[in-house]
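Encoded as structure tokens, the structure appears first; notes follow it.
The values are calculated or read from the model by the stated rules, or taken from the named source; none is laboratory data. None of the values given here were measured: they were computed from a predicted structure. Don't worry about glycine lacking a Cβ; one is built from the backbone with ideal geometry, like all the others, and counts go over all protein chains shown.
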Amino acid sequence: MAKMATRSEKQQRSFSGLIKPLKWAVGLLGGALVAAGLVFGGIWVVSLNTDNVFPINKVELRKQQYTHALGVYEVLRSIEDRGFFTMDMALAEEKLLQLPWVKKAQLRKIWPDTLQVVVTEHQPMAYWGDSGVVSRFGEVFYPVELPNADWVKLSGPDNMAKDLTELLQLYQEQLLQKNMVIEKMELTQRGAIDLVLAEGLTVRLGNVHVEERIERFLQYIDSVKEQKDAKLAYVDLRYQNGMAAQWVDNKTSVTSDGGSR
């Protein structure tokens, strides 16, 4: 006759029966945590320890395109008093605005020890000179590293940036009539405007009646190109009524009435 199971043996079998469901629940929880990590993967969390009685130990920064967590971390670490109740939020926001890409910064404390940082970045429009970027609103700034992007190269004095971004948009709108794209625009030291198109053609517009000269360029550029089966190097519209054109082979064709520049 089989022996009756003891109480301890019954408990052991009962415990063993719970192992598999428990493992399954732990696995499910782990999967949920991974999923949550993916959902919130756009938030950087860094430690910001301090000796304050109520310290800010964590900073949450929603991932931005150009602003890196390390730069934000270094700025906040430079503030001596980083207590939850005592940290100078206006000072912190002011310091964050010193980061090149930051146009606006908003801070919010979350009890008990977290600082949430929301950054609004400049909207880049073009490269500015050799090392800068200009925004769509004409704001010039100089990042530590320039992004590798397909932006127009714009150059001129910093105090003319707003005017030049407006002119760039105006000229590009006009040139799109011929499906021409501006690759580079420069305001020279003499105040003249030169364009380089994506096809490699340089367009010299001078410093007066520029919009009128672009209209003239659009009106005659097709007939100028038809004069020779070769690539144009530049066209010069700094004439009263005509233009001069030069091809890559260095032979020049002038289509001008000889008017003053």
Let me confirm something: among ASN250, ASN207, ASN241, which residue is out of contact with any Lys or Arg (no Cβ under 6 Å at 6 or more places or on another chain), at pLDDT below 95 and closer than 22 Å to VAL181 by Cα? ASN207
Conditions (1) surrounded by 15 or more Cβ atoms within 10 Å (Cβ to Cβ); (2) closer than 30 Å to ARG82 by Cα: number failed by LEU97: (1)
Residues of region 60-70 being closer than 17 Å to GLN98 by Cβ and at pLDDT below 90, in sequence order, are LEU61, GLN64, HIS68, ALA69, LEU70
Consider region 52-92. How many of its residues are free of Cβ contacts under 8 Å to residues at least 60 places away in the same chain and closer than 28 Å to TYR127 by Cβ? 14
How many residues are in contact with a helix residue (DSSP H, G or I) (Cβ under 8 Å, 6 or more places away or on another chain) and surrounded by fewer than 16 Cβ atoms within 10 Å (Cβ to Cβ) if we restrict to region 64-78? 1
Strands (runs of 3 or more DSSP E) wholly inside region 89-166 containing at least 2 residues that are β-branched (Val, Ile, Thr) and over 18 Å from GLU74 (Cβ atoms): 114-121, 132-135
Scan region 146-169 and tell me whether some residue there is among the basic types (Lys, Arg) and closer than 21 Å to VAL248 by Cα. no
Going residue by residue through region 47-64, is there one that turns out to be under 16 Å from the mean Cα position of the chain (by Cα) and of a type in the set (A, V, I, L, M, F, W, C)? no
Can you name every residue in region 52-78 that is over 19 Å from PRO112 (Cβ atoms) and of a type in the set (Val, Ile, Thr)? THR67, VAL72, VAL75
Please state which one of ALA161, ALA245, ALA198 is among the hydrophobic types (A, V, I, L, M, F, W, C), on the phi < 0 side of the Ramachandran plot and surrounded by fewer than 17 Cβ atoms within 10 Å (Cβ to Cβ). ALA198
Residues satisfying the stated conditions in region 109-122, i.e. more than 13 Å from GLY83 (Cα to Cα) and touching a helix residue (DSSP H, G or I) at 6+ places or on another chain (Cβ under 9 Å): VAL117, VAL119
Region 126-143 residues that are touching a residue at least 12 places away in the same chain (Cβ under 8 Å), paired with ones that are of a type in the set (Asp, Glu) (beta carbon under 6 Å, 6 or more apart): VAL140/ASP158
